[in-house]
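First comes the structure, then the notes that go with it.
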Amino acid sequence: MSETVSLDIQAVLSRYLTPEQIDRYYEQVMKQNRQVNLVSRETKRVDFDRLVAESLLPLGFLPSGMNGYLDIGSGGGFPSVPILMSGAVDGDCTLVERTGKKARALEQILTGLTLSASVTALNFHEIREIGSVELVTLRYVKLSESLLSKIMSSLAPSGKFVYYSTPGFDTGDMLSTIFKYQSPQDAVIKSFTVFSK
């Protein structure tokens, strides 16, 4: 199943975050970016706002108050930090970032924003025990069939998995919806896929 949605960056941002929250996040990322490459050095504020809005866009298609959150390949915190700042998730939150330097930078960002989440500096496949969560996100890691299988087994019965792209393989009879979007400033059509348990 496929749907087309609109990305009005300012509308999405103002729905979930205050300007002060976005400013603080931008400052934290840019501060850490001096030591560790979290975002491109050419990232302008308008690009950063778009990344935050794209991170939050799927929330409009998910249940509110999801309990337990897992993000894989967290890097500089997209989409995890905007989602955490929005208050859309409760309970234990785990951010998986296999690169040690990026994991430490992410911990500093979370501390600077007074957000509560644990950062795990491992490859997702190396994690033995994962508690049942209602939301899993994956943005900058390519989805494989084995990764999808492990993610779906981590989801609670009512859980959702958001992949910030379109799978490059047939997902069979899994319940999923592909959402296509583009911002008025960008001619590129992007997508995210929501899988349901």
Exercise. Does residue 176 satisfy the criteria of being buried (at least 16 other Cβ atoms within 10 Å of the Cβ) and on the phi < 0 side of the Ramachandran plot?
Worked result: yes
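Could we say that residue 15 is of a type in the set (D, E, K, R), in contact with a helix residue (DSSP H, G or I) (Cβ under 8 Å, 6 or more places away or on another chain) and part of a loop (DSSP other than H, G, I, E, B) here? Steps first, answer last, please.
Numbers: of a type in the set (D, E, K, R): yes; in contact with a helix residue (DSSP H, G or I) (Cβ under 8 Å, 6 or more places away or on another chain): yes; part of a loop (DSSP other than H, G, I, E, B): no.
So residue 15 fails the test.
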TODO: Could you tell me whether region 170-187 includes any residue that is assigned to a strand (DSSP E or B) and of a type in the set (Gly, Ala, Ser)?
DONE: yes
Per the list (1) within 13 Å of residue 72 (Cβ to Cβ); (2) modelled with pLDDT of 95 or more, residue check on residue 112 breaks on (1)
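Of all the strands (runs of 3 or more DSSP E) wholly in region 38-141, which have at least 3 residues that are touching a residue at least 24 places away in the same chain (Cβ under 8 Å), in contact with a strand residue (DSSP E or B) (Cβ under 9 Å, 6 or more places away or on another chain) and surrounded by fewer than 20 Cβ atoms within 10 Å (Cβ to Cβ)?
On the way: elements: 66-72, 89-96, 118-120, 133-138.
It comes to 89-96.
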Given the conditions (1) more than 17 Å from residue 77 (Cα to Cα); (2) among the hydrophobic types (A, V, I, L, M, F, W, C); (3) surrounded by 13 or more Cβ atoms within 10 Å (Cβ to Cβ), every one holds for residue 169 apart from (3)
For region 142-151 the number of residues that are in a helix (DSSP H, G or I) and either of a type in the set (Lys, Arg) or touching a helix residue (DSSP H, G or I) at 6+ places or on another chain (Cβ under 6 Å) (or both) is 1
Condition first: more than 17 Å from the chain's Cα centre (by Cα) and not hydrophobic (A, V, I, L, M, F, W, C). Can you find one or more residues in region 75-93 that meet it? no
Note on region 134-150: residues at pLDDT below 95 and within 21 Å of residue 86 (Cβ to Cβ) are 140
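The values are calculated or read from the model by the stated rules, or taken from the named source; none is laboratory data. These numbers come from a predicted model, not from an experiment. A quick note on method: Cβ atoms are made from the backbone with ideal geometry, for glycine too, and the neighbour counts reach across all protein chains shown.
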